[in-house]
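A short worksheet on the structure shown next.
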Amino acid sequence: MRLANERAAVRVPATTANMGPGFDSFGMAFRYYDEVEVRPVVGPTSVSVEGVGAGTVPTDDSNLVVRALRAGLEAVGAPQAGFEMRCVNRIPHGGGMGSSASAAVAGLMLARGLLSEPEALDDDLVFSLATGFEGHPDNVAPAVFGGATVAWTDAEGTPRCAPMPVDASLPVSLLVPPETTRLSTEEARKVLPDLVPRADALFNTSRAAVLMLALAGRPDLLMAGTEDRLHQHYRRDVLPASMAVMDSLREQGYPAVISGAGPTVLVLADLSQHTRFTLERHGWTVLRPGIDAVGAQLV
Ligand SMILES: Nc1ncnc2c1ncn2[C@@H]1O[C@H](COP(=O)(O)OP(=O)(O)O)[C@@H](O)[C@H]1O
Ligand SMILES: N[C@@H](CCOP(=O)(O)O)C(=O)O
């Protein structure tokens, strides 16, 4: 295997995870993208970052996208090089929109784009390598395959995923709070208990099944299908503003959940103009990205 192309470029979607009851398994991709271009060079690696992460993410070989690119090359026995990388980032970091999963997928897709035999790094391998790298198959699956997905780990410890049927016209709103509220996934996982009451586990099992029906074309089931007792309320203290917004929207009849580990709030509906303006007045950004059906693409 060799590096056959002098450049590769990828567009990778933002994702949500959990969607209420599907903790660590359900995910969905959005038409909201990071874009990365890479060229192998003789000499050291350099990374330029425009947009999110400019001035904060590393600009050398320790950059997450570069590390994933190198892991992809290594997995298929391709040689390493120095890299000149250009990132145009839109997905917030520590926002609950899967930025780290998308970064890992971006790097692996770029590796594919440089290879003489790109089919060696197919979507299934990208999914499993990115999961090993990043740890969250619930974000990785939609970032790779698009649409809505369910991800799990089998008895051998291998990550698996499958598409969930979803009505592509389902409106989605992402409510991104001001930057000061960013929360790393690592921090948000520390507050979760190791054990949960059986009644809560049963509650989520039924709601997850209901959500699958709702997504497939039963919008009347969206409120019941977005109920959760396994993670959101445990995170209340680290996500006070987001939980308050989520609770208020649910009281108004909106199917609102915490996106991933937060603090972004996902609503499986359009907001009224009044609600949107109120949030924006308080510094929130309201996105209406639509569902991405294809996942990460070389461009
Ligand atoms: N495009 C990117 N380039 C480099 N590093 C990234 C990129 N996206 C995410 N990261 C790394 O991942 C971290 C955020 O990951 P995480 O805490 O899992 O939050 P989330 O995935 O919800 O945005 C960032 O602080 C940064 O270190
Ligand atoms: N299931 C994970 C999802 C983390 O998603 P992120 O976008 O916040 O990284 C969790 O809830 O911890």
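Values in this text are rule-based calculations from the coordinates and carry no lab data. Given the structure is predicted, the values throughout are model-derived calculations rather than measurements. Glycine gets a Cβ as well: all are built from the backbone with ideal geometry, and neighbour counts include every protein chain shown.
Some observations on this one:
- Fully extending the segment from S184 to N5, taken as 0.36 nm per residue of separation minus the present Cα-Cα distance, adds 60.9 nm.
- Oblate is the label for region 173-287, because the ratio a/c of its alpha-carbon gyration tensor axes (a ≥ b ≥ c) is 1.5 or higher and a/b is not greater than b/c.
- Rounded D (µm²/s) - region 1-99, Kirkwood Rh over Cα pairs, Stokes-Einstein at 37 °C, 0.692 mPa s: 222 µm²/s
- Computed about its Cα centre, the charge dipole of the chain is approximately 480 debye, with only Lys, Arg, Asp and Glu carrying charge at their Cβ.
- Protection-proxy order for peptides 262-270, 59-67, each taking the mean of Cβ atoms within 10 Å per residue, highest first: 262-270, 59-67
- Using the Cβ-Cβ distance between R218 and R288 with R0 set to 25 Å, the FRET efficiency works out to roughly 0.70.
- Comparing mean-square fluctuations of D237, D138, D24 from a GNM of the chain with C-alpha springs under 10 Å, the top value falls on D237.
- In the distance distribution for region 191-240, Cα-Cα pairs more than 13 Å apart total 60 percent.
- Sequence-separation-based contact order of region 146-281, relative, with Cα cut under 8 Å and 6+ spacing, percent: 27 percent
- Inter-probe distance in nm under a simple model that places probes 7 Å from Cα toward Cβ, at S116 and H233: 6.0 nm
- Choice from A75, A104, A29 with maximal GNM fluctuation in the chain (Cα, 10 Å cutoff): A75
- Its Cα centre serving as origin, region 173-287 has a Cβ charge dipole (Lys and Arg +1, Asp and Glu -1) of approximately 80 debye.
- Relative to the current alpha-carbon distance between D123 and R281, full extension at 0.36 nm per residue lengthens the span by 52.7 nm.
- Shape of region 33-166, Cα gyration tensor, a/c cut at 1.5: oblate
- For the chain, built as a Gaussian network whose Cα springs stay under 10 Å, the top-fluctuating residue of F203, F83, F145: F203
- Relative contact order (percent, whole number), the chain, Cα cutoff 8 Å, 6+ residue spacing: 26 percent
- The overall shape of region 106-257, judged from the alpha-carbon gyration tensor, is prolate: a/c is not under 1.5, and a/b is greater than b/c.
- Cβ-Cβ FRET estimate between V191 and D60, R0 fixed at 35 Å, reported to 0.05: 0.60
- Helical runs (DSSP H, four residues minimum) scored at -39500 (n - 2.57) apiece and divided by the length of the chain put the mean residue ellipticity at 222 nm at -10000 deg cm²/dmol.
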